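K.L.:
Got a structure for you, questions after.
The values are calculated or read from the model by the stated rules, or taken from the named source; none is laboratory data. Since the structure is predicted, the reported quantities are computational estimates derived from the model, not experimental observations. Virtual Cβ from ideal backbone geometry, glycine too; neighbours counted across all protein chains shown. For the accessible areas, the whole protein counts, side chains as well, though only heavy atoms, and no ligand, DNA or RNA atoms are used. Shrake-Rupley method; radii C 1.70, N 1.55, O 1.52, S 1.80 Å.
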Amino acid sequence: MKKERDSAWIEKHLPSILAGFQSCTDCSMVNLQKGTNLPGQRAVVETLEEIISLLFPGCYGYMPLGQDEIILGRVVGVAEKLADMIEQAKAYCCRENQCTKCGDCRAFAEKATVGLLEAMPGIRTLLHEDILAAYEGDPAAHSVMEVVMSYPGLYAVAVHRVAHHLVALDVPIIQRVMSEHAHAKTGIDIHPGATIGAGFFIDHGTGVVIGETCVIGKNVKLYQGVTLGALSFAKDEHGNLIKGNKRHPDVEDDVIIYAGATILGGDTRIGHGSVIGGNVWLTHSVPPFSKVYNQQPDPIIRTRE
Amino acid sequence: MKKERDSAWIEKHLPSILAGFQSCTDCSMVNLQKGTNLPGQRAVVETLEEIISLLFPGCYGYMPLGQDEIILGRVVGVAEKLADMIEQAKAYCCRENQCTKCGDCRAFAEKATVGLLEAMPGIRTLLHEDILAAYEGDPAAHSVMEVVMSYPGLYAVAVHRVAHHLVALDVPIIQRVMSEHAHAKTGIDIHPGATIGAGFFIDHGTGVVIGETCVIGKNVKLYQGVTLGALSFAKDEHGNLIKGNKRHPDVEDDVIIYAGATILGGDTRIGHGSVIGGNVWLTHSVPPFSKVYNQQPDPIIRTRE
Amino acid sequence: MKKERDSAWIEKHLPSILAGFQSCTDCSMVNLQKGTNLPGQRAVVETLEEIISLLFPGCYGYMPLGQDEIILGRVVGVAEKLADMIEQAKAYCCRENQCTKCGDCRAFAEKATVGLLEAMPGIRTLLHEDILAAYEGDPAAHSVMEVVMSYPGLYAVAVHRVAHHLVALDVPIIQRVMSEHAHAKTGIDIHPGATIGAGFFIDHGTGVVIGETCVIGKNVKLYQGVTLGALSFAKDEHGNLIKGNKRHPDVEDDVIIYAGATILGGDTRIGHGSVIGGNVWLTHSVPPFSKVYNQQPDPIIRTRE
């Protein structure tokens with residue numbers, strides 16, 4: 001009964017509503033069979049979760065399983081889905097850029113997929129050092145598995161190490177969807193292009209931004225709200241932004257950057273062993289073993305008496 | 001075997017546990033058949049996701065489909081679910097406010113639902129300008145579809161434009177659940193009441209707060225951690241907060257506000273073409289084409305030598 | 001046809017890929033049947049969501065149900081799943097710490113589970129005061145149910161009150177997975193160890209960090225980006241961090257802390273009735289009824305004329 005009434009009230013408006021939607025058959029935000037034809041965001045995220053589960057078997061899913069069930073049972077499925085996605089993304093970019101040299105997008109996609117899967121043990125070795133850095137660097141970490149199961153910084157770095165390897169393999173778009181999933185889940189925004197050494201630890205992490213052209217050394221530790229960003233954007237003679245040039249800082253080995261610090265510029269380099277204090281604003285290089293603190297403003301305190 | 005033991009240990013405690021829960025049959029956080037009777041949060045979020053998928057067909061789901069499958073197949077279902085939710089929310093508010101004039105909550109809900117669906121092409125046109133603003137304003141954006149598929153600022157603004165239209169249609173509660181879903185997913189907290197012009201771009205976005213009574217012009221660009229907030233809250237003669245008065249700033253066309261800036265107060269207006277630097281704290285108006293920078297504190301740098 | 005080709009290209013690489021994965025059978029990030037044997041993250045999160053749904057029946061799910069369906073139908077299932085998880089986590093920690101005194105992990109787990117469920121009415125009473133604090137403290141809150149259905153601060157505090165009770169029951173790991181889920185969803189990072197009084201309200205919330213050893217009184221209100229953190233980490237004679245000592249501040253009753261304020265150190269105590277202004281950096285105690293403001297830096301404003 002109710003259903004009939006429901007359908008009636010909306011159905012009389014359907015022609016005008018549908019005509020409105022039809023007005024944008026080829027506008028920029030449509031990804032359909034006859035159009036752009038990229039994988040959907042949710043498909044990419046689900047494949048990412050399977051890739052992460054290969055790195056941390058049994059940790060992010062439902063319950064402990066045998067290793068065979070997790071890895072042997074998933075590798076082929078992950079590979080097939082990932083290759084299809086990379087093929088679609090590559091074909092989209094070829095069409096956009098009117099590229100004629102890419103040749104066979106399918107062959108590219110299969111090669112990139114095998115490249116990522118063969119790199120997984122190396123990524124896992126890096127992550128092992130990241131886990132130890134978190135455990136040893138945080139007084140609130142009571143066990144190694146607590147870090148693995150609950151630290152958002154570890155999750156963000158795990159996704160980054162996968163996404164960054166896809167950049168190295170010249171894959172377009174897919175890894176940005178992956179890094180934004182990690183950003184959504186953790187509040188940590190690491191561009192896949194950034195290069196990050198082993199033993200990297202981000203504590204708390206909400207609000208961290210690490211730009212595309214950052215290069216970060218080994219055993220670096222960041223806290224929440226740290227920005228490694230651009231100071232200004234270069235433009236070409238037509239006034240359009242130049243894409244891809246070096247515009248974010250370098251951070252050498254064994255640096256600690258406390259919460260809320262902002263470090264900007266492609267010529268800025270933080271020397272190894274330095275400590276950058278909370279809320280510091282820094283737009284130039286500092287030598288190794290620098291200690292950089294804000295003259296914190298003395299707050300004004302009024303009390304009753 | 002195990003199941004039987006499991007049930008036994010808990011079942012002997014069930015009477016006291018259930019008695020505890022029964023103690024709050026009519027307290028403020030219960031939404032049951034015989035009680036408040038609003039739609040659940042997850043139901044609202046799922047309907048929101050379907051609305052967003054109508055705006056970006058094929059982008060957020062699983063894989064490219066035909067337009068017919070996505071739009072024709074979803075509009076009626078979305079309309080029925082949304083109308084039911086709006087009806088429930090309106091009825092809740094009428095009961096709470098002892099309203100006698102609202103008349104037929106069902107008729108209100110159907111009208112609002114049709115109103116939103118008919119507004120969708122206009123919302124999509126605004127979003128098209130938002131996409132171009134992101135692509136043109138970010139050197140790290142390598143293609144238009146990369147913006148659509150991965151930029152959290154675009155998602156937050158898309159949800160906002162839907163939620164804001166529901167405010168214009170006088171719908172209660174539902175759009176706040178929607179805006180908080182976008183906040184959860186992106187770290188960008190835009191109150192549905194805020195008014196935002198075309199070509200709006202939020203980069204990175206984590207920590208952005210845009211208050212209920214903000215009015216933002218065209219082609220405005222914000223970075224992470226920007227607050228457009230209230231300076232103080234007015235109270236009535238009983239000491240209760242006054243709700244709904246103008247308490248957040250206005251931002252005119254073509255303004256850029258860099259990361260961590262805080263702009264407060266309902267009388268504060270940022271003139272068109274202005275640039276507000278990172279971490280600036282501003283509680284008064286500035287004229288058009290102002291450049292507002294912090295005298296950034298010179299950090300103290302100690303090195304080994 | 002396609003499937004066969006797909007399988008062929010990847011299957012020839014399978015031996016080397018699988019050999020890579022096998023190289024880490026007993027490394028630190030594996031949780032398998034024959035290994036660490038903790039519950040997976042997703043399993044913990046789903047059980048958490050059921051626990052929260054017992055506190056706010058009908059609010060976070062799909063649609064209003066009868067109270068019987070929600071509570072009676074879920075308590076036993078929640079109890080069984082939670083007890084299994086606690087048993088696994090306790091057994092993991094006993095193995096890690098070579099503990100010999102814990103005795104029966106199952107008995108421990110059942111006792112803790114009953115302890116949590118019997119504490120739920122008390123938790124709900126606290127949350128009721130949190131809801132009222134939000135409704136009365138935010139001019140944008142138009143109804144009590146709007147707070148319940150959409151305020152991220154309330155969700156984070158609800159999860160915290162459950163997680164903190166598990167700390168009181170000496171449960172390991174599980175509650176950290178729970179608190180990180182709330183952090184992921186809200187951007188609010190409250191360590192389960194923190195002690196928080198009734199009537200607690202966090203507005204907006206993204207970027208808030210509340211450390212493990214904080215003690216917060218009644219009717220405290222925080223805004224986005226507030227850090228209650230550690231000033232420095234004590235180390236033992238071997239240079240390892242000392243875990244668990246008091247290193248985060250105390251905040252007494254009726255304190256308001258505005259956005260972006262940083263309060264650090266285990267000896268720092270904010271006296272009752274105090275107001276801490278936006279972006280204040282405070283590393284020492286202040287007496288009751290203090291008003292602490294930054295000498296906000298006067299921004300430099302250049303205009304065209």
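K.L.:
Quick one: Karplus J couplings for segment B:230-247, per residue in order, coefficients 6.51, -1.76, 1.60, θ = phi - 60°, nearest Hz, x for Gly and Pro?
P.N.:
3J(HN,Hα) across segment B:230-247, in whole Hz: 8, 8, 7, 10, 6, 10, 8, 5, 8, x, 8, 4, 7, 9, x, 6, 5, 9.
K.L.:
Per residue, what volume in Å³ does the Cα convex hull of the protein assembly as shown take up?
P.N.:
194
K.L.:
Something else now. What relative contact order, as a whole-number percentage, does chain A give when Cα pairs under 8 Å and 6 or more residues apart are counted? Each step should come with its number before you reach the end.
P.N.:
Working: 525 pairs, mean separation 29.5, N = 305.
Normalised by residue count, the contact order of chain A is 10 percent.
K.L.:
Same structure, new question: Please give the per residue accessible area of segment B:36-187, computed with a probe of 1.4 Å over protein heavy atoms only, in Å². Could the numbers behind the result be given before it?
P.N.:
Values: 4850 Å² over 152 residues.
On a per-residue basis, 32 Å².
K.L.:
Then there is this: What net charge do the residues around A:Ile242 carry, taking every other residue with its C-beta under 10 Å from that of A:Ile242, with Lys and Arg at +1 and Asp and Glu at -1?
P.N.:
On the way: positive: A:Lys235, A:Lys243, A:Arg247; negative: A:Asp236.
Every neighbour counted, the sum reads +2.
K.L.:
P(r) for segment C:185-295: what percent of alpha-carbon pairs falls in each 10 Å bin, starting at zero?
P.N.:
Histogramming segment C:185-295 at 10 Å steps yields 16, 50, 26, 7, 0 percent.
K.L.:
Over segment A:36-187, what is the relative contact order in whole percent, taking alpha-carbon pairs under 8 Å and six or more residues apart? Before the final figure, lay out each step's value.
P.N.:
On the way: 127 pairs, mean separation 41.2, N = 152.
In percent, rounded to a whole number, it is 27.
K.L.:
Pick from B:Ile196, B:Ile17, B:Ile173: which is most flexible by mean-square fluctuation in a GNM of chain B where alpha carbon atoms under 10 Å apart are linked?
P.N.:
B:Ile17
K.L.:
Compute the label-point distances linking C:Gly73 to its equivalents in the other copies; points lie 7 Å from Cα along Cα→Cβ; give nm, one decimal, shortest first.
P.N.:
Label point to label point, same position, other copies: 2.8, 2.9 nm.
K.L.:
Further question: Using protein heavy atoms only (no ligands, DNA or RNA), what is the total accessible area buried between C and A, 1.4 Å probe, nearest 100 Å²?
P.N.:
Numbers: alone 17830 and 17840 Å², together 29560 Å².
Heavy-atom accessible area buried at this interface is about 6100 Å².
K.L.:
Could you give, in nm with one decimal, how far B:Glu11 is from each other copy of that position, shortest first, with labels 7 Å out from Cα toward Cβ?
P.N.:
Nearest to farthest, the other copies are at 5.1, 5.1 nm.
K.L.:
Taking Cα atoms of segment A:196-249, Rg/Rh with Kirkwood Rh, to two decimals? Spell out each step's value before the answer.
P.N.:
Numbers: Rg = 13.8 Å, Rh = 12.6 Å.
Ratio of gyration radius to Kirkwood radius: 1.10.
K.L.:
B:Ala198's amide H: which non-local residues (gap 5+, or another chain) put their own amide H closer than 5 Å, with H modeled 1.01 Å from N in plane and none for Pro or chain starts?
P.N.:
Here B:Asn219 satisfy the definition.
K.L.:
Let me check the size of segment A:165-241 from its C-alpha atoms; what are the radius of gyration and Dmax in Å?
P.N.:
13.9, 43
K.L.:
If you line up the long axis of helix B:2-11 against the longest principal axis of chain B, both from Cα atoms, how many degrees apart are they, to the nearest 10?
P.N.:
90
K.L.:
Counting only residues 5 or more places away or on other chains, whose amide H sits under 5 Å from the amide H of A:Thr262 once H atoms are built in the peptide plane?
P.N.:
Close amide H contacts, sequence-distant or interchain: A:Thr227, A:Val280, A:Trp281, A:Leu282.
K.L.:
Defining the label point at 7 Å along Cα→Cβ, can you sort the distances from B:Val215 to the same site in each other copy, shortest first, in nm?
P.N.:
Output for B:Val215: 5.0, 5.0 nm, nearest copy listed first.
K.L.:
Quick one: if the Förster radius is 25 Å, what FRET efficiency do A:Ala168 and A:Arg74 give, using the C-beta to C-beta distance and rounding to 0.05?
P.N.:
Numbers: r = 23 Å, r/R0 = 0.92.
Computed FRET efficiency for A:Ala168 and A:Arg74 comes out at 0.65.
K.L.:
OK, next. Restricting to the protein assembly as shown, compute how many DSSP beta bridges are antiparallel as a %, nearest 5. It would help to have the intermediate numbers written out before the result.
P.N.:
Details: 12 of 87 bridges.
Bridges in the protein assembly as shown that DSSP calls antiparallel: roughly 15 percent.
K.L.:
Can you pull the mean other chain C-beta count within 10 Å for peptide A:184-192? Don't skip to the end; give the middle numbers.
P.N.:
Details: counts 8, 6, 6, 13, 1, 7, 0, 2, 1.
Average neighbour count from other chains, rounded to a whole number: 5.
K.L.:
List, largest first, the extents of the alpha carbons of segment A:242-305 along their principal axes, each in whole Å.
P.N.:
Each principal axis gives a Cα extent; for segment A:242-305 these are 58, 30, 15 Å.
K.L.:
What is the average number of partner chain Cβ atoms found within 10 Å of a Cβ in B:134-143?
P.N.:
Working: counts 0, 2, 3, 2, 5, 14, 13, 3, 10, 10.
Mean partner shielding for this stretch: 6.
K.L.:
Further, regarding this structure: Assuming 1.567 mPa s and 4 °C, estimate D for segment C:36-187 with Stokes-Einstein, Rh taken as the Kirkwood radius over Cα pairs, in µm²/s.
P.N.:
Working: Rh = 16.3 Å.
The estimated diffusion coefficient comes to 79 µm²/s.
K.L.:
In debye, nearest 20, what is the charge dipole magnitude of segment B:36-187 about its Cα centre with +1 on Lys and Arg Cβ and -1 on Asp and Glu Cβ, if you could check?
P.N.:
Values: 12 positive and 19 negative charges, 101 e Å.
With only Lys, Arg, Asp and Glu charged at Cβ, the dipole is about 480 debye.
K.L.:
Additional query: If R₀ is 41 angstrom, what is the calculated FRET efficiency for the pair C:Leu132 and B:Glu129, using the beta carbon separation as r and rounding to 0.05? Numbers along the way, then the final one.
P.N.:
On the way: r = 42 Å, r/R0 = 1.02.
Computed FRET efficiency for C:Leu132 and B:Glu129 comes out at 0.45.
K.L.:
Okay, moving on. For every other residue with a beta carbon closer than 11 angstrom to the beta carbon of B:Glu180, add +1 if it is Lys or Arg and -1 if Asp or Glu, then tell me the sum. Write down the numbers at each step before the final one.
P.N.:
Working: positive: B:Arg176, B:Lys185, C:Lys185; negative: B:Asp189, C:Glu146.
Overall, the nearby charge balance is +1.
K.L.:
Evaluate Rg over Rh across segment B:150-199, taking Cα atoms for both radii and Kirkwood's formula for Rh. Don't skip to the answer; put the middle values down first.
P.N.:
Details: Rg = 10.1 Å, Rh = 10.6 Å.
Ratio value, two decimals: 0.95.
K.L.:
If you roll a 1.4 Å probe over chain B with all protein chains in place, what percent of the accessible area is carbon or sulfur? Spell out each step's value before the answer.
P.N.:
Numbers: 6260 of 11720 Å².
Roughly 53 percent of what the probe reaches on chain B is carbon or sulfur.
K.L.:
Which three semi-axes in whole Å describe the equivalent ellipsoid of chain B, each the square root of 5 times a Cα gyration tensor eigenvalue, listed largest first?
P.N.:
On the way: eigenvalues 287, 142, 119 Å².
So the three semi-axes of chain B are 38, 27, 24 Å.
K.L.:
Still on this structure: Of all beta bridges DSSP finds with both residues in chain B, what is the antiparallel percent, to the nearest 5?
P.N.:
Values: 1 of 25 bridges.
So the antiparallel bridges in chain B amount to around 5 percent.
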